[in-house]
Each structure stands twice: as structure tokens, then as C-alpha cells.
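Participant: Please see the structure below; I have some questions.
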Amino acid sequence: MSIFARSSIHMTKKETQEKIALGKMLPLMEAFYTIQGEGAHTGTAAYFIRIGGCDVGCHWCDVKESWNEQLHPPTLTDVIVKEAKVHANTVVITGGEPLMWSLDYLTESLRNSQIKTHIETSGAYPLSGKWDWICLSPKKTKLPLSKIYQEADELKMIVHNEHDFEFAEEQAAKTSGNCQLFLQPEWSKKELMTPKIVAYVMKNPKWKISLQTHKYLNIP
Ligand code: SF4
């Protein structure tokens, strides 16, 4: 049994629900130290915390096993932070859609341990937590709430088809002038869409290309 699973073994259902509501427990899917493969921090080491639960429903999602939060054990946030401290000084909170949960306690604990907090989110739920970096990746199926656009440090648009360029521009228009803009080919369409993204970025240089380099490197 993992250190994470052991952490909640003697808790009642009610206690667990109360702790989840306070962000003192989270449905942890996995946590691992690796290299950030995408976006502005590509190539840098970070500890990834993947939290279960997502109802955004992207048909091309590559982590569908994250969707049902019931499959991922409620785990004490203190234990998650303790493990993170062993590995890295930057943590990336991802999912699933991590903003389905209260992340105030998690980010406060990480920051108290001098760990930088990054998040990858669709923005479909209210922003909680304190962040050193917000990567917003809007999805057509459940659009971001309006407040998060101006908070985003990075906008990462997944390009699955031609219409996604138009959607990317609509979303970019809502961000602040400081937000870095990325177009990333959806993995199953990369042969078709990458050359189109290359041409688009050359015509529209406010955008940069993001590739899922971790998949090319065959790392998590
Ligand atoms: Fe998958 Fe992310 Fe879309 Fe949720 S928001 S369905 S986790 S790609």
C-alpha cells in the first residue's frame, strides 16, 4: 500500500467529506517527479500532482481515467505536500480539472515550504489557491469562468481541427497583455495539425508552438 493510501485508512466517510470540503484531503490520482513537457516551462523539472475528477468532457482527452473522482482515493493534503517536498521546488497541479476542489490549503502549505505552485486548468470552476503560474487551457465543451482570463500567465490552446484557430483567437482576446500564448497540436492529430500550426504562428507571431515533448521523450 502506498504512503498516500495509508494516510486516510482510519477515517470515517463524514470526516473524509469534511476534509475534502476544506481542501485538507484531495482525490489524488497520481504524483510523480518528471520534466514539464508542454508550454512556457517546457524542459524544466517539476513534481506533478494529478487530482481526479473532471466533467469538461473533451472527446480527445488523454487522461480519461481521471474523470471519475470516485476512483481516486481521498488523500491527506499534508501527506501530498510532504512527498512533494522530497522531490522538487516546483509543483504542477493538474488533473482532471483540479479547480473542482478547494486548493487554498494545498497551495498555502506548498508555499510555506518554499515550493512554487503552478496549475494547469480549463478554468471552468472558480479559482482557488495562490499561484506562481497559471496555465489556462480553455475547452469548448465547458468554457472558463470570466475572472480567470486576466489571471492567466499562459494560455494553451489545443488544436484538433481548423476551427480551433478561431476559438484560440477568441480566447486570447480575453487574456491580459502579459499572457503568453501557445498553440499545441492535439496528439492524435499532430501529423495533420502541426504543419498548420507552424504556418499559423509564422503569420501570427504573438503565438508560440507548444509540443507535448514528454510524449516524444517517452516520460510521464
Ligand atoms: Fe481531459 Fe483536461 Fe478536457 Fe478534463 S479538461 S476532459 S482532463 S483534457
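Participant: Among the residues of the range 136-145, is there at least one that is among the small types (Gly, Ala, Ser) and surrounded by fewer than 19 Cβ atoms within 10 Å (Cβ to Cβ)?
Facilitator: No - not one qualifying residue is present in the range 136-145.
Participant: Also: For the range 154-168, give me each residue that is part of a loop (DSSP other than H, G, I, E, B) and out of contact with any Ser or Thr (no Cβ under 9 Å at 6 or more places or on another chain).
Facilitator: The answer is Asn161, Glu162.
Participant: Within the range 31-39, does at least one residue satisfy the condition of being under 14 Å from the mean Cα position of the chain (by Cα), at positive phi and buried (at least 19 other Cβ atoms within 10 Å of the Cβ)?
Facilitator: yes
Participant: For the condition in contact with an Asp or Glu (Cβ under 9 Å, 6 or more places away or on another chain), near the ligand (Cβ under 10 Å from one of its atoms) and without any contact (Cβ under 8 Å) to a residue 60 or more places away in the chain, what is the one hit in Thr117, Thr90, Thr94?
Facilitator: Matching residue, one of Thr117, Thr90, Thr94: Thr94.
Participant: Continuing with this model, one more query. Answer with yes or no whether Leu127 is aliphatic (A, V, I, L, M), in a loop (DSSP other than H, G, I, E, B) and within 30 Å of Val86 (Cα to Cα).
Facilitator: yes
Participant: On the given criteria, is Glu30 modelled with pLDDT of 95 or more, within 16 Å of the ligand (Cβ to nearest atom) and in contact with a Lys or Arg (Cβ under 9 Å, 6 or more places away or on another chain)?
Facilitator: Yes.
Participant: Output the number of the condition that Leu99 fails; it satisfies all remaining conditions of (1) surrounded by fewer than 22 Cβ atoms within 10 Å (Cβ to Cβ); (2) assigned to a helix (DSSP H, G or I); (3) in contact with a Ser or Thr (Cβ under 6 Å, 6 or more places away or on another chain).
Facilitator: (1)
Participant: When you look at Pro144, is it part of a loop (DSSP other than H, G, I, E, B) and either touching a strand residue (DSSP E or B) at 6+ places or on another chain (Cβ under 7 Å) or charged (D, E, K, R) (or both), yes or no?
Facilitator: So Pro144 passes the test.
Participant: When the residues of the range 41-56 are filtered to those that are surrounded by fewer than 17 Cβ atoms within 10 Å (Cβ to Cβ) and under 15 Å from the mean Cα position of the chain (by Cα), which remaining residue is nearest to the ligand (Cβ to nearest atom)?
Facilitator: Per the stated criteria, the residue is Asp55.
Participant: Going by what's in this entry, would Asn204 be described as away from the ligand (no atom under 16 Å from the Cβ), out of contact with any helix residue (DSSP H, G or I) (no Cβ under 8 Å at 6 or more places or on another chain), free of Cβ contacts under 8 Å to residues at least 60 places away in the same chain and within 30 Å of Pro74 (Cα to Cα)?
Facilitator: It is false that Asn204 is away from the ligand (no atom under 16 Å from the Cβ), out of contact with any helix residue (DSSP H, G or I) (no Cβ under 8 Å at 6 or more places or on another chain), free of Cβ contacts under 8 Å to residues at least 60 places away in the same chain and within 30 Å of Pro74 (Cα to Cα).
Participant: While we're here: Taking Ile219 and the conditions (1) touching a Lys or Arg at 6+ places or on another chain (Cβ under 9 Å); (2) in a loop (DSSP other than H, G, I, E, B), which numbered condition does it fall short on, given that it satisfies the others?
Facilitator: Checking Ile219 against (1) touching a Lys or Arg at 6+ places or on another chain (Cβ under 9 Å); (2) in a loop (DSSP other than H, G, I, E, B), the one that fails is (1).
The values are calculated or read from the model by the stated rules, or taken from the named source; none is laboratory data. Keep in mind the model is a prediction, meaning the values are calculated, not measured. Every residue, glycine among them, receives a Cβ derived from its backbone with ideal geometry; neighbour counts consider all protein chains shown.
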